[in-house]
């Protein structure tokens, strides 16, 4: 790993993408210890989402970790505004998929709403930290 390159993120992204594509389209699964194909498929989808998050973190911050600390952002206010917008899209998408699932698994809207609300909380925290609650 060279100085400006950061840790490997492509492996995590590739594995996560394969797991999510399998969850949505292929649906290849086994019963597992809980004797449920659909539960195993859901677990593999959540693992895929986690791997994609880890790859995003490594790609953006060029370091290992999971928590996007406020001091890691170059322009926290702008990034938080974009993140807030994306969180609204996630919540809206969760609502739409809750009404009509299309070809997605049943708990997809629940997972998307959880991701959207967590993004919204984090972006509101950043916006408050750099404006109203800042020391400056």
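Every number here is computed from the coordinates shown, using simple stated rules; none is lab data. For clarity, every value in this text was computed on a predicted model and none was experimentally measured. Backbone-built Cβ (ideal geometry, glycine too); neighbour counts: all protein chains shown.
The separation of region 11-35 from region 72-135, counted between C-alpha centres, amounts to 24 Å. Per-residue ellipticity at 222 nm, computed for the chain from helices alone with -39500 (n - 2.57) per DSSP H run of at least four residues, works out to -21500 deg cm²/dmol.
Calculated from the structure at hand, semi-axes √(5λ) of the Cα gyration tensor in Å is found among (1) 39, 15, 12; (2) 29, 26, 15; (3) 31, 21, 11 as (3).
Look at 128, 93 and count the other Cβ atoms within 10 Å of each Cβ; fewest to most, that gives 128, 93. Label-to-label distance for residue 78 and residue 24 is 2.9 nm, based on points extended 7 Å past Cα in the beta-carbon direction. As a calculated quantity, the FRET efficiency between residue 96 and residue 39 at R0 = 25 Å, using C-beta atoms, amounts to about 0.50.
Maximal additional length on extending the residue 117-residue 15 stretch stands at 34.2 nm, based on 0.36 nm per residue less the C-alpha distance.
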